Amino acid sequence: MTAEYKVHGSVAVITMANPPVNGLGLATRQGIVDGLGRANADAAVTSIVITGAGGAFSGGADIKEFGTDKSLQEPNLLSVIAAIENSAKPVVAAMHSVAMGGGLELALGCHYRIAAPGCSIALPEVKLGLIPGAGGTQRLPRVIGVEAALNLIVSGESVKSEMIGAVPGQKLFDKMAASAESLATEALAFAQSVADARPLPLVRNFPCKHPEGDAYFQFARNMVKGMAKNFPAPAKCVDAVEAATKKKFAEGMLVEREIFINLMWTAESRALRHLFMAERAASKIPDVPSDTPKRDIKQVGVIGAGTMGGGISMNFLNAGIPVKILEMKQEALDRGIATIKKNYEAQVKKGKLKQDKYDQRMALLTTTLSYDDFKDCDLIIEAVFEEMGVKEAVFKQLDAVAKPGAILASNTSTLDVDKIAAFTKRPQDVVGMHFFSPANVMKLLEVVRGKDTAKDVLATVMAIGKKIKKTSVVSGVCDGFIGNRMIEQYSRQAGFLLDEGCTPQQVDRAVEKFGFAMGPFRMGDLAGNDIGWAIRKRRATERADMKYSRTADKLCELGRFGQKTGAGWYDYQAGKRDAIPSDLVNKMIEDHRKELGITPRKISDEEIVQRLVFSLVNEGAHILEDGIASKSGDIDMVYLTGYGFPIHRGGPMHYASEVGLFNVVQAMDRFAKNPLDDAEFWKPAPLLAKLAAEGKSFQ
Ligand code: NAI
């Protein structure tokens, strides 16, 4: 039973106890209903308090029950709330710390509510592509007003109890407790004070009106449309709240239920729920138990104050962790520090960062030209030039000076982390920390696990990733790790599409319509087309079997590296980032086709998207098979947080499962027959072929 029952004098206290946030799983729901039954049957009890053990009142639905029948099994949440409303004795919710989703809906079913200050109040269902499904949309407007309720429901954001409690006329809280510590005592006293109150107040009976109903809801609809273009749920929040103002309570509940169930079946909600679970699962490494001891990280060292070193340092400064940056020359240090300052100052100017916070962060930053100053560093991250020789020199010096147990990390994007580790006598302490540019902005951190990387090093790096607010995903060692290994296949397809008849604009438009933040060619111009060029030159010797379109090389031969050179696949005006189609590039592509004797054909947007996305999927399946990623959700997280894959599609692997792996494989078979494409690549990865044949999906 995950709800405790105790009687204090004349008050029965039901305490939800389902760590970590008292999720309303089946056993907890049953425990509440049983407690209500006992309290009503006990003549000595005159009132009832419901509260939560530990650090929450209740965080809502139990995520362990997500997607299982258990969440629907009786007593479901609606039945629990009905049991509370039907209790002959008054029920008081004693709310503290967190009252979210179903937890808040449960409290709204109680006759009275007392809250401690600092309690986070939210209905976050919209973040999972849903609306609240247990009366939240019908009851919340009745206690805090239509507009305030809709704001909370549409945004899914949380508000502190004391802010709501201070609003005149609010009926969410009948009483604010003086503090979290005094809540239990105050709740008992309050429950005693209402023991004889009859009739018992029910939120469902409170009035719900908006003085300018039609105009307001029209306005709300327009606002929401702009906010949530790929998701149906926000607009449905408006419908549900409008129903609360226009229909009887019971009818409004039916409207809410119908919307909730319909949303549950949308691809968008499935994608968001997948993302929610995958994000949590990414921090769990199969063979590294969650109680693995972690090393203490009090001082960080960063080597290289260039593009990446500066951004990496900012992450730690933002989290209050001191950073020491090392460079070879004072000028390089000065340049790096100036860039960090410029970034922070821009945030101060925009009002996003307070001056005192900026000062505090800069005070945590020191610089050095000597490795001796790294003796006290607990974590050292190298972000120097991408050359094995340079990495070798750096890691040998680190090995000589770093204290025993210090974690030595490399930000390399293409080099072999095992080789780098072998430059030291402590390969167990070496790990890859692959940040994405701009490192202070991008959420993704690929944690590259070398063959000798110690488990506590991994556990520590994953924990520090969380502290600096990154989504950390573990990757094994391979060329490109998870993200770049897949993007290489995607870029190859983009090149073939040009050869066969597309323009860069057409490809970008199709992919952006699918939902990507940026198509492959605009992305190339932003990141620098020279990066791919360097990789292809390396491939020419390492993997001569890999077929490439030559268009991208031709572009680079013209010096068109992208935004940084003012021209790439597109033209750019000085100081602007707008991509302007380039006649010169389109002519270059046409000439190239002629040279190859290719007659261009019209290619549909559907084919463009399928070839690009399924190339990610096939390589992703190889990555899973090779054990580079431990689960398909990790691959999705990499693409959602590091490569602008559309959130409402849930990542490439989830999307493939939505399309149906059988259909994906059939499309690949079709692509393999195209003589201008790479038939060898389109052979479905064995894992993909097997799952498709068995009618299964990646999850
Ligand atoms: P960068 O050229 O902007 O900066 C490198 C810095 O390292 C320079 O300031 C240089 O003076 C310094 N440096 C070079 N050798 C050194 C040494 N022996 N000791 C101390 N400092 C030294 O390069 P960037 O772009 O910051 O890249 C650094 C690393 O990050 C590379 O391994 C790169 O592959 C990786 N990376 C780069 C990404 C990007 O988008 N730029 C993304 C992810 C990883």
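The values are calculated or read from the model by the stated rules, or taken from the named source; none is laboratory data. Quantities reported herein were computed from a predicted structural model and do not represent experimental measurements. Positions of Cβ are generated from backbone atoms using ideal geometry, with glycine treated the same way; all protein chains shown enter the neighbour counts.
Rundown of residues vs (1) at pLDDT below 95; (2) crowded, with 17+ Cβ neighbours inside 10 Å, yes/no style:
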| site | (1), (2) |
| --- | --- |
| Ile381 | no, yes |
| Glu386 | yes, no |
| Pro404 | no, no |
| Ala409 | no, yes |
| Ala421 | no, yes |
| Met433 | no, yes |
| Pro438 | yes, no |
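The condition of being at pLDDT 95 or above and not in a loop (DSSP other than H, G, I, E, B) holds for only one of Lys554, Lys537, that being Lys554. For the range 568-577, a tally of residues being surrounded by fewer than 21 Cβ atoms within 10 Å (Cβ to Cβ) and either modelled with pLDDT of 95 or more or within 19 Å of Thr551 (Cα to Cα) (or both) returns 2.
Before we move on, is Lys513 part of a loop (DSSP other than H, G, I, E, B) and away from the ligand (no atom under 15 Å from the Cβ)? So Lys513 fails the test. Residues in the range 314-325 that are out of contact with any Phe, Trp or Tyr (no Cβ under 9 Å at 6 or more places or on another chain) and more than 13 Å from the ligand (Cβ to nearest atom): Phe316, Asn318, Ala319, Gly320, Ile321. Here Ala346 meets each of (1) under 17 Å from Phe316 (Cα atoms); (2) more than 15 Å from the ligand (Cβ to nearest atom) with one exception, condition (1). Entry remark, the range 623-641: residues being farther than 15 Å from Ser697 by Cβ and either assigned to a loop (DSSP other than H, G, I, E, B) or in contact with a helix residue (DSSP H, G or I) (Cβ under 8 Å, 6 or more places away or on another chain) (or both) number 12 in total.
A search for C-beta distances below 8 Å between a residue of the range 48-73 that is assigned by TED's automatic domain parsing to the domain that holds Pro90 and any residue that is assigned to a loop (DSSP other than H, G, I, E, B) and acidic (Asp, Glu), counting only pairs 6+ apart in sequence or on different chains, returns Ser71/Asp62. If you go through the range 557-581 and pick out every residue that is small (Gly, Ala, Ser) and assigned to a strand (DSSP E or B), you end up with 2.
The residue pairs whose first member lies in the range 153-177 and is under 18 Å from Gly103 (Cα atoms), whose second member is modelled with pLDDT under 95 and assigned to a loop (DSSP other than H, G, I, E, B), and whose beta carbons are closer than 9 Å, counting only pairs six or more residues apart or on different chains, are Val154/Ala228.
When the residues of the range 651-699 are narrowed to those that are hydrophobic (A, V, I, L, M, F, W, C), assigned to a loop (DSSP other than H, G, I, E, B) and touching a residue at least 12 places away in the same chain (Cβ under 8 Å), which ends up farthest from Gly633 (Cα to Cα)? Residue satisfying both the conditions and the ranking: Leu676. Looking across the range 39-88, just one residue is assigned to a helix (DSSP H, G or I), buried (at least 18 other Cβ atoms within 10 Å of the Cβ) and either in contact with a Phe, Trp or Tyr (Cβ under 7 Å, 6 or more places away or on another chain) or modelled with pLDDT under 95 (or both), and that is Ser71.
Close contacts from the range 329-353, counting a first residue that is more than 20 Å from Ile303 (Cβ to Cβ) and a second that is in a helix (DSSP H, G or I) and modelled with pLDDT of 95 or more, with Cβ to Cβ under 7 Å and a gap of 6+ residues or different chains, come to Tyr344/Tyr358; Tyr344/Arg361; Val348/Gln355; Val348/Tyr358; Leu353/Tyr344; Leu353/Gln347. Considering only residues in the range 349-368 that are within 16 Å of the ligand (Cβ to nearest atom) and of a type in the set (Ser, Thr, Tyr), the one that is surrounded by the fewest Cβ atoms within 10 Å (Cβ to Cβ) turns out to be Thr366. On the stretch given as the range 298-313, residues that are aliphatic (A, V, I, L, M) and more than 15 Å from the ligand (Cβ to nearest atom) total 1. Collect the residues in the range 44-74 that are more than 28 Å from Ala116 (Cα to Cα) and of a type outside the set (A, V, I, L, M, F, W, C), keeping them in residue-number order. Once the filter is applied, which keeps residues that are more than 28 Å from Ala116 (Cα to Cα) and of a type outside the set (A, V, I, L, M, F, W, C), the range 44-74 yields Glu65, Gly67, Thr68, Asp69, Lys70, Ser71, Gln73, Glu74. Against the list (1) more than 9 Å from the ligand (Cβ to nearest atom); (2) crowded, with 17+ Cβ neighbours inside 10 Å; (3) assigned by TED's automatic domain parsing to the domain that holds Leu379; (4) not acidic (Asp, Glu), the condition Arg295 fails is (3). Residue pairs whose Cβ atoms lie under 9 Å apart, sitting 6 or more positions apart in sequence or on different chains, and linking a residue in the range 295-316 that is closer than 21 Å to Asp372 by Cα and among the basic types (Lys, Arg) to a partner that is surrounded by fewer than 24 Cβ atoms within 10 Å (Cβ to Cβ) and at pLDDT 95 or above, are Lys298/Ile321; Lys298/Pro322; Lys298/Asp376; Lys298/Asp378. Of the residues making up the range 33-56, those that are within 33 Å of the chain's Cα centre (by Cα) and closer than 17 Å to Ala12 by Cβ are Ile50, Thr51, Gly52, Ala53.
Can you find a residue in the range 265-276 that is out of contact with any Lys or Arg (no Cβ under 8 Å at 6 or more places or on another chain), within 16 Å of the ligand (Cβ to nearest atom) and in contact (Cβ under 8 Å) with a residue 12 or more places away in the chain? No, the range 265-276 contains no residue that is out of contact with any Lys or Arg (no Cβ under 8 Å at 6 or more places or on another chain), within 16 Å of the ligand (Cβ to nearest atom) and in contact (Cβ under 8 Å) with a residue 12 or more places away in the chain.
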